[in-house]
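Worksheet for the structure shown next.
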Amino acid sequence: MIKCCQSPTRKASVWYGLWTMEAHHPDGSSQMLVTARSRLVGQISVREFKTVTGIVSFLKDCGFTKVTFPMIEGDFVSLPMNT
């Protein structure tokens, strides 16, 4: 699932916003899909995508051939693993 945490705005030809990703399991549980290490020792923080290009690049690198994402804060999109 891709969640829009901040509605994007366009600056020149780049869209800037804030998105996070979660994996939703068939049993109903969810887990943050992507994490990044913090600069502080021992801390891990959730990876946030700040541009549309970042979302597309990450999903393409993961093997997705179709990409969709929300553009309104609070909205979300689920992507099946076979896309």
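Charged neighbours of G17, selected by a Cβ distance under 12 Å, balance to +1 (K, R count +1; D, E count -1). Each of R47 and V67 was given a label point 7 Å from its Cα along the Cα-to-Cβ line. The distance between the two points is 1.3 nm.
For Cα extents along the principal axes in Å, computed directly from the structure shown, the correct entry in (i) 39, 36, 25; (ii) 32, 26, 23; (iii) 35, 33, 17 is (i).
Would you work out the relative contact order for region 2-77, in percent, from Cα pairs under 8 angstrom that are 6 or more residues apart? It rounds to 38 percent for region 2-77.
Values quoted throughout were computed directly from the atomic coordinates according to the rules given, and no laboratory measurement underlies them. Predicted model, so just to flag it, every value in this text is computed and none were measured. Virtual Cβ from ideal backbone geometry, glycine too; neighbours counted across all protein chains shown.
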